[in-house]
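Peer 1: Supplied in structure tokens, the structure appears directly below.
The values are calculated or read from the model by the stated rules, or taken from the named source; none is laboratory data. Keep in mind that this is a model prediction, so the values were computed, not measured. Glycine also receives a Cβ, built like all others from the backbone with ideal geometry; neighbour counts cover every protein chain displayed. Side chains are part of the model used for accessible areas, which takes the heavy atoms of the whole protein and leaves out ligands, DNA and RNA. Shrake-Rupley method; radii C 1.70, N 1.55, O 1.52, S 1.80 Å.
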Amino acid sequence: MTEPGKVSMEKIVSLCQRRGFIFPSSEIYGGLSSCWDYGPLGVELKRNIKDAWWRSVVQERDDIVGLDASILMHPQTWASSGHLEGFSDPLVECKNCHLRWRVDDLKDKNCPSCGGELTEPRLFNLMFKTFMGPVEEEANVVYLRPETAQGMFVNFQNVVNTTRKRIPFGITQIGKAFRNEITTGNFVFRSREFEQMELEFFVKPGTDEEWFNYWLEERFNWYVNLGIKKEHLQLREHTKGELAHYARACYDIDYLFPMGWAELEGIANRGDFDLVQHAKYSGKSLDYFDDETKERFVPYIIEPSAGVDRSALAFLCDAYDEEPAEDEIRVLLHLHPSLAPIKVAVLPLSRREKLVEAAKQVYADLRQCWIVDYDDAQSIGRRYRRQDEIGTPFCITIDFQSLEDEQVTIRERDTMKQIRVPISELKATLAAKLSGEDLFVLPPGGQIWKE
Ligand code: GAP
């Protein structure tokens, strides 16, 4: 077994490139620094992570709604939010903890937080600038959003007016964000184009601490329920010096990445900063009127803000395992079934026509429900290994006996144990197993095949 928290980044990068999870962006031109392309398996993993977020915050609740705001926003947004001002001073960045410091605030040449070495100062604006319309002049400057959050703040009143949501309620969105990071690295951990899953939860002032604690627990458990080992996660409170200008309190959910503990998600109590700022600069009221208590107030915001790419990296690192198998090493990903890019692989024992025909039929049927792979190349052992390495929870083998008895075997990834079930029961059985049912709970006509 791979020791917890000990998988190297090299192994993860190599697996991702070898099997088509993640490639360097525009690789044929030598790559583009800190940008990444998700391959056929990576795109499924990311989709599954985003689906899991959406399921937990939108589908399974009645107090949060979704939004998909545009990436380009009115440039005033970034003046109101503090992003324009906050990122246009000469900054240095700590090469170790990545905190940025204004040069004029520094008392010595090392990082005031961790003592790490600092980069050279540069006039730095974190946001990517571009021009809207045909003329490249100051009046036409727009920015690629550095976070999805602002799209939700500026739509607060639209959502209140068009839904029946009353406070406390939340708005969530998933989308791309762009930051011209000074120091990047550690694979997809810190890139210049990435995806965020953010939730802005609007609450009555005075109830904010309670909701803040609620979301800390909810979000921590989300990772644990999707298979990340508890001992690889920690909650870390921001020190006063670390707190962003808008935050009253903030905790990071840190994960034990191969390079050490680092932020996976931030959860902040943003107070009324955002709505007050946008109301002030837009001239539009962003108050909330409580019909029951007849009170008018500016809601406070609790914000869990997670990265899709960092989550993907954490899920891959945590799932990675190597174990001895006969005379080789079995590499496998213990991915949670809901995150696994491919749920089931259909493997005919040989390429004989009759067998292929039966296997293709099973394959076509299962594809109605899940992303399914079909593989008939090389020995069955090799094919199992290929699926183990990408985290496929179940392999279906169709053998010559299947043609007689209309039964197939289901092999489980982690235990390599097998059961044999009637083809007529296959879909229902797989649905149950993918939802976590024990392999040896058998359907009618099923039997234990290999312990
Ligand atoms: N709206 C608050 C906000 O954006 P943040 O801590 O700057 O807060 C939230 O970002 C999350 O977005 C981080 O916890 C991380 O998962 C992800 N993230 C931020 N910068 C990133 C980068 N350069 N590359 C990859 N993910 C990043």
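Peer 1: What net charge do the residues around Lys427 carry, taking every other residue with its C-beta under 13 Å from that of Lys427, with Lys and Arg at +1 and Asp and Glu at -1?
Peer 2: On the way: positive: Lys343, Arg367, Lys433; negative: Asp365, Glu425.
Residues near Lys427 contribute +1 overall.
Peer 1: How tilted is helix 9-19 with respect to the longest principal axis of the chain? Cα atoms for both, answer in degrees (0 to 90, nearest 10).
Peer 2: Roughly 60 degrees, rounded to the nearest 10.
Peer 1: Follow-up. What is the angle, in °, between the Cα long axis of helix 208-225 and the longest principal axis of the Cα atoms in the chain? Nearest 10 is fine, range 0 to 90.
Peer 2: Relative to the chain, helix 208-225 is tipped by roughly 20 degrees.
Peer 1: Taking the Cα centre of the chain as the origin and placing charges on Cβ (Lys, Arg +1; Asp, Glu -1), which of Ser402, Gly283, Gly307 is farthest toward the positive end of the dipole?
Peer 2: The residue sitting most towards the positive pole is Ser402.
Peer 1: Taking the range 138-213, which trypsin sites (Lys or Arg not before Pro) meet the DSSP loop condition and have no more than 12 other C-beta atoms within 10 Å?
Peer 2: Values: sites: Arg164, Lys165, Arg166, Lys176, Arg179, Arg190, Arg192; in loops: Arg164, Lys165, Arg166, Arg179, Arg192.
Listed in order of number, the matching sites are Arg164.
Peer 1: Please give the net charge around Ser191, taking every other residue with its beta carbon less than 12 angstrom from that of Ser191, where Lys and Arg add +1 and Asp and Glu add -1.
Peer 2: Values: positive: Lys176, Arg179, Arg190, Arg192, Arg310; negative: Asp37, Glu181, Glu193, Glu195, Asp309.
Net local charge, Ser191 excluded: 0.
Peer 1: Treat each spin label as a single point 7 Å out from the Cα along the C-beta direction, and report the His334 to Ser282 distance in nm.
Peer 2: Result for the modelled spin labels: 4.7 nm.
Peer 1: Kirkwood Rh, the range 223-291, all Cα pairs: how many Å?
Peer 2: So the Kirkwood estimate lands at 14.6 Å.
Peer 1: Calculate the translational D of the range 26-93 in whole µm² s⁻¹ from Stokes-Einstein, where the hydrodynamic radius comes from the Kirkwood formula applied to all Cα pairs, the temperature is 25 °C and the viscosity 0.890 mPa s. Don't skip to the end; give the middle numbers.
Peer 2: Values: Rh = 16.4 Å.
It diffuses with D of about 150 µm²/s by this estimate.
Peer 1: Sticking with this structure for a sec: Probe of 1.4 angstrom, ligands and nucleic acids ignored: what's the accessible area per residue over the range 91-195, in square angstrom? Could the numbers behind the result be given before it?
Peer 2: Details: 5320 Å² over 105 residues.
Here the residues of the range 91-195 average 51 Å² of exposed surface.
Peer 1: Based on the Cα atoms of the chain, what semi-axes does the equivalent ellipsoid have, where each is the square root of 5 times one gyration tensor eigenvalue, given in whole Å with the largest first?
Peer 2: Details: eigenvalues 414, 140, 84 Å².
Listed largest to smallest, the semi-axes of the chain are 45, 26, 20 Å.
Peer 1: Counting Lys and Arg as +1 and Asp and Glu as -1, what is the net charge of the other residues whose Cβ lies under 13 Å from the Cβ of Ala177?
Peer 2: On the way: positive: Arg145, Lys176, Arg179, Arg190, Arg192, Arg310; negative: Glu147, Glu181, Glu193, Glu195, Glu198, Asp309.
Net local charge, Ala177 excluded: 0.
Peer 1: Amide H neighbours of Glu195 under 5 Å, at least 5 residues apart or on other chains, H built in the peptide plane: list them.
Peer 2: Excluding prolines and chain starts, which carry no amide H, the hits are Ala177, Val308, Asp309.
Peer 1: Using a 1.4 Å probe on the protein heavy atoms, what percent of the accessible area of the range 229-371 belongs to carbon and sulfur? Don't jump to the answer; show the numbers that get you there.
Peer 2: Numbers: 3180 of 6640 Å².
Taking all protein chains in place, the range 229-371 shows 48 percent carbon and sulfur surface.
Peer 1: Please give, to one decimal in nm, the separation of the simple spin-label points placed at Lys417 and Asn96, each 7 Å out from Cα toward the Cβ.
Peer 2: 4.8
Peer 1: Another one. Just going by the charge dipole of the chain, with Lys and Arg at +1 and Asp and Glu at -1 on Cβ, which of Ala249, Cys317, Val331 is farthest out on the positive end?
Peer 2: It is Val331.
Peer 1: Quick one: Cα centre-to-centre distance for the range 303-337 and the range 36-79, in angstrom?
Peer 2: Between the Cα centre of the range 303-337 and that of the range 36-79, the gap is 22 Å.
Peer 1: Using amide H atoms built 1.01 Å from N in the peptide plane, name the residues 5+ places from Gly185, or on other chains, whose amide H lies under 5 Å from its own.
Peer 2: Arg190
Peer 1: Express in nm, to one decimal, how much length is gained between Asn221 and Asp68 on full extension, taking 0.36 nm for each residue of separation and deducting their alpha carbon distance.
Peer 2: Values: separation 153, 0.36 × 153 = 55.08 nm, distance 2.56 nm.
Full extension of this stretch gives 52.5 nm more.
Peer 1: May I ask for the angle, rounded to the nearest 10°, between helix 353-366 and the longest principal axis of the chain, with both axes built from Cα atoms and the value confined to 0 to 90°?
Peer 2: It is inclined by approximately 30 degrees.
Peer 1: While we're on this one: Round to a whole number: what % of the accessible area of the range 30-130 belongs to carbon and sulfur, probe 1.4 Å? Please list the in-between numbers first.
Peer 2: Values: 2770 of 5520 Å².
Taking all protein chains in place, the range 30-130 shows 50 percent carbon and sulfur surface.
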